1. Of all the residues that make up region 25-59, how many are more than 16 Å from Ser97 (Cα to Cα) and aliphatic (A, V, I, L, M)?
2. Looking at (1) more than 11 Å from the ligand (Cβ to nearest atom); (2) buried (at least 24 other Cβ atoms within 10 Å of the Cβ), which is the only condition Phe132 fails?
3. So the check is Cβ under 7 Å with 6+ separation or different chains; which pairs have a first residue in region 125-139 that's more than 9 Å from Asn107 (Cβ to Cβ) and in a helix (DSSP H, G or I) and a second one that's within 11 Å of the ligand (Cβ to nearest atom) and open to solvent by 90 Å² or more (accessible area, probe 1.4 Å)?
4. Can you work out which of the residues in region 162-178 that are among the small types (Gly, Ala, Ser) and part of a helix (DSSP H, G or I) is surrounded by the fewest Cβ atoms within 10 Å (Cβ to Cβ)?
5. Scan Gly210, Gly239 and give me the residue that is surrounded by 13 or more Cβ atoms within 10 Å (Cβ to Cβ) and not assigned by TED's automatic domain parsing to the domain that holds Val15.
6. Considering only region 59-116, give the strands (runs of 3 or more DSSP E) lying wholly within it that have at least 2 residues that are open to solvent by 10 Å² or more (accessible area, probe 1.4 Å) and at pLDDT below 95.
7. Within region 179-210, count every residue that is part of a helix (DSSP H, G or I) and within 30 Å of Ala238 (Cα to Cα).
8. Does any residue of region 38-53 turn out to be open to solvent by 10 Å² or more (accessible area, probe 1.4 Å), in contact (Cβ under 8 Å) with a residue 40 or more places away in the chain, within 16 Å of the ligand (Cβ to nearest atom) and over 22 Å from Met191 (Cβ atoms)?
Amino acid sequence: MSDSETVLSVLADGVLSLTLNRPDKLNSFNEEMHLALRAGFERAHKDADIRAVLLTGAGRGFSAGQDLGDRDPRKGTPDLGHTIETFYNPLLRLIRSLEKPVVCAVNGVAAGAGANIAFACDITLAARSARFIQAFAKIGLVPDSGGTWSLPRLIGEARAKALALTAEPLDAETAASWGLIWRAIDDDKLMDEAKALTVRLASGPTMGLGLTKRAIQAAATNSLDEQLDLERDLQREAGRSADYAEGVTAFLEKRKPEFKGR
Ligand code: T3D
């Protein structure tokens, strides 16, 4: 577990809140922040007391992607393939493979990898004032952090290409209406709503929610037949969980279920 101040980490009510915390640099990623965020998601994988994750940013931005201060070309040519392999790809894989809900509260501008990390989360809310920018085109790079995978799937090739080739900012309302995120929310209500949603998810049937996440993600590459088989297998697994027994018992007894996440 990293004790870096670049990502604030708080566990309460089954929710691990991870706050990107380099506000002076719009929470752009340096190596320390990469390692700290990764440590947060690794902890979420291992710790059964964590039943949902809330990712957000401190200050006026969510994240401006890679810290370009660490990429001064006058000091030499970096191997960006190495940094993608070492930092961004493992992070994306940790978020997608975590079988617990990951909520992202985009509190302000999300640019470059910052935008695509937000799109990789399970439920993404954004402040109405937030903007999403595929900033890569402005500096001669290619969208990363899964952007070339998630954008066409979420919004289709025409919109994906236009965003990626022009680097034009997309406002939160439009991002929601296009299906890139779940909802745009008034700035002053964003964190309350995001916290309430994450706490609600953390008190849910964690195993069933995790298997649901796995199934929906698998649909991107499965045929219908493969997906039907997967649903059968996952339903079998979910049907053996204590939370399923509790859910049905509570329904029959006309009371609220008390899920334990098992
Ligand atoms: O390198 C690799 O490992 C490959 C992986 C790449 C992944 C990527 O994410 S590449 C894309 C990198 N990100 C960008 O290109 C975005 C750069 N930032 C911007 O275009 C703008 O800052 C924004 C549009 C995001 C926000 O604009 P604005 O006007 O609201 O804020 P600002 O004034 O530009 O920024 C505020 C401060 O944050 C400023 O510092 P200062 O002058 O007050 O000391 C600015 O320099 C700093 N900042 C913003 N973005 C970055 C940054 N510092 C370092 N790196 C940044 N990416």
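1. So in region 25-59, the residues more than 16 Å from Ser97 (Cα to Cα) come out as 25-36, 49, 56-59.
Subsequent filtering for residues that are aliphatic (A, V, I, L, M) retains 26, 33, 35-36, 58.
Summing the residues that are more than 16 Å from Ser97 (Cα to Cα) and aliphatic (A, V, I, L, M) in region 25-59 gives 5.
2. Of (1) more than 11 Å from the ligand (Cβ to nearest atom); (2) buried (at least 24 other Cβ atoms within 10 Å of the Cβ), only one is false for Phe132: (1).
3. Short answer, once both residue conditions are applied: Phe136/Val142.
4. Taking region 162-178 and keeping what is among the small types (Gly, Ala, Ser), we get 162, 164, 167, 172, 175-177.
Within this subset, residues satisfying the condition of being part of a helix (DSSP H, G or I) are 162, 164, 172, 175-177.
Working: Ala162: 13, Ala164: 18, Ala172: 26, Ala175: 27, Ala176: 18, Ser177: 11.
Looking at residues that are among the small types (Gly, Ala, Ser) and part of a helix (DSSP H, G or I), I get Ser177.
5. Values: Gly239 fails: surrounded by 13 or more Cβ atoms within 10 Å (Cβ to Cβ).
Of Gly210, Gly239, the one residue that is surrounded by 13 or more Cβ atoms within 10 Å (Cβ to Cβ) and not assigned by TED's automatic domain parsing to the domain that holds Val15 is Gly210.
6. Working: elements: 61-63, 102-106, 109-111.
Qualifying strands (runs of 3 or more DSSP E): none found.
7. Step one: filter region 179-210 for residues part of a helix (DSSP H, G or I), giving 187-202, 206-210.
Then keep just the ones that are within 30 Å of Ala238 (Cα to Cα); that gives 193-202, 206-210.
Qualifying residue count, region 179-210: 15.
8. Step one: filter region 38-53 for residues open to solvent by 10 Å² or more (accessible area, probe 1.4 Å), giving 38-39, 42-43, 45-49, 51.
When the remaining residues are screened for being in contact (Cβ under 8 Å) with a residue 40 or more places away in the chain, the result is 38, 42-43, 45, 48, 51.
Now drop any that are not within 16 Å of the ligand (Cβ to nearest atom), which leaves 38.
Still in the running and over 22 Å from Met191 (Cβ atoms): 38.
Yes, the conditions are met somewhere in region 38-53.
The values are calculated or read from the model by the stated rules, or taken from the named source; none is laboratory data. Since the model is a prediction, treat every value here as computed from it, not as a measurement. Neighbour counts run over all protein chains shown; Cβ positions are idealised from the backbone, glycine included. Areas reflect the complete protein model, heavy atoms only, side chains present, ligands, DNA and RNA absent. Shrake-Rupley method; radii C 1.70, N 1.55, O 1.52, S 1.80 Å.
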